[in-house]
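Heads up, the thing below is written out as structure tokens.
Taken together, the values in this text are just the output of simple stated rules run on the coordinates, not laboratory data. Note that the coordinates shown come from a computational prediction; the quantities given were computed from them, not determined experimentally. Cβ sites come from the backbone with ideal geometry, for glycine too, and all protein chains shown count toward neighbours.
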Ligand SMILES: Nc1ncnc2c1ncn2[C@@H]1O[C@H](COP(=O)(O)OP(=O)(O)OP(=O)(O)O)[C@@H](O)[C@H]1O
Ligand SMILES: [Mg+2]
């Protein structure tokens, strides 16, 4: 392992670290940092029965929910694992090419890519193969919560227990880390996507209005809140969608309190995951967590008041990482660059 690891330092600047997320893919290039951050979406066009990639990333996400019959916007990762391996591979290839530029097309890098802690060996092999087929000369894997913790500057190399909660698009990973390893980990299949779905179904149930996922995501990002607003109402939100009774487009107003109500279930599931992890943590490590607290990473960490809510529910110190959406990519990059993290990379 040490031999493999030291090769990173000799090969120089083209090596990459990839956070292949359900919602977003970030690419970190050695010595340069994060150079790409785009949605994990691919638009596929079918012409005379032949499928072709029409757009990837930002361009493809803009098409979601608005495509004509012959174009399909696909998210190749679901619930934190690869749901469509061929399209995932196309997406990785596209991003690698974009980062390298045409001039470097023939210089293949070594790649470190993160995988969910709960992924099976078959899923891990699929991710590794996709990166190999995309042109990587060698692929290393890192567990996502470990990467998140490194990216959030947590003391993962020390004999001190700390807890990271990474709330992504597809999954929430809860992990206790100590001495470069995961002492305990659990993964809940609830994240930003489930929150969007909860908003869609809330609006449908209470207002007979059908809204798209993109609209729900916008509402969540702008007004999402983990607890009832102080005045019991909060801000008022105008939303447009299709009336389910007469089929025409319509605009309604809901309150931020309604959003809190809609998000209660997915957020409750996340809190439950944290509780289970705490119950299963060895006493010495649990004692450390009382001092070190819990760090939140991933896009879901940005939900207003989630840290306060978790603090109230667990009685532990809770903080949000400085840049929650970048933690996993930063941590994957640092694990590639810094020998102090030797041992967290896996070769398969
Ligand atoms: N300000 C915000 N408030 C609430 N949610 C947000 C905010 N910004 C982004 N999100 C949500 O965070 C999620 C994406 O987070 P992230 O990029 O960490 O996920 P991912 O790494 O792609 O997913 P996974 O780790 O599950 O594979 C999306 O569901 C997005 O809507
Ligand atoms: Mg993630």
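The listed peptides 202-212, 83-93, 139-149, ordered by packing as a protection proxy, come out as 139-149, 83-93, 202-212 (highest mean of other Cβ atoms within 10 Å first).
Sorting the segments 16-24, 35-43 by their residues' average number of neighbouring beta-carbon atoms within 10 angstrom, most packed first, yields 16-24, 35-43. Segment 249-269 and segment 105-173 have Cα centres separated by 33 Å. In the chain, the DSSP-assigned H stretches of four residues or longer account for a calculated mean residue ellipticity at 222 nm of -12000 deg cm²/dmol, using -39500 (n - 2.57) per stretch and the full residue count as denominator. With kT/(6 pi eta Rh) evaluated at 4 °C and eta = 1.567 mPa s, and Rh the Kirkwood radius from Cα pairs, segment 192-263 diffuses with a coefficient of 108 µm²/s according to Stokes-Einstein.
Protection proxy ranking, highest mean first, for peptides 167-176, 314-323: 167-176, 314-323, where packing is the per-residue count of other beta-carbon atoms within 10 Å, averaged. Hey, how many Å between the Cα centroid of segment 293-348 and the Cα centroid of segment 77-94? Using only Cα atoms, the two centres lie 23 Å from each other. Summarised as an ellipsoid, the chain has semi-axes of 34, 29, 14 Å, derived from the eigenvalues of the Cα gyration tensor scaled by 5 and square-rooted, with the largest first.
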